[in-house]
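Read the structure below first, then the notes.
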Amino acid sequence: MSGLYRISAVLLFSVCIMPAHAEIFSEAHKLGAFSGAMRFCENKYETHEGRYKWARLRVALEVSEMSGKDKTKALLASDNARRKGTYLGNRLSRGECEALLKLGEWKRFSR
């Protein structure tokens, strides 16, 4: 019987964790984390071009069109990424910042 209880507990735990895990990868979370990463990169590595700032402002326009719940998620993810200097768990070095910026610009112009 104890084996059956363990399996039940593991399954129950897995089901309870899945919704929280899915939230981490929501569009609002990704956009917010990108915005926070751009803020971090802007403060640490920005040159006179202002590319990080423009990327951040483009994200702000997208976030402004979201529902209230999604805006909250995006703002929390942004603050977390900026404070920690990470983007979805990856440490932001100069190279990481440049790669993220290029990815953001590519997505913007590929629409």
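Residues in the range 65-111 that are loosely packed, with under 13 Cβ neighbours inside 10 Å, at pLDDT 90 or above and in a helix (DSSP H, G or I): G68, K69, R83, R94, G95. Residues in the range 36-62 that are open to solvent by 20 Å² or more (accessible area, probe 1.4 Å) and assigned to a helix (DSSP H, G or I): 15 in all.
The values are calculated or read from the model by the stated rules, or taken from the named source; none is laboratory data. Owing to the predicted nature of the structure, the values given are computational and were not obtained by experimental measurement. In this analysis, Cβ positions are derived from the backbone assuming ideal geometry, glycine residues included, and neighbour counts consider all displayed protein chains. Keep in mind that these areas ignore ligands, DNA and RNA; they rest on the heavy atoms of the full protein, side chains included. Shrake-Rupley method; radii C 1.70, N 1.55, O 1.52, S 1.80 Å.
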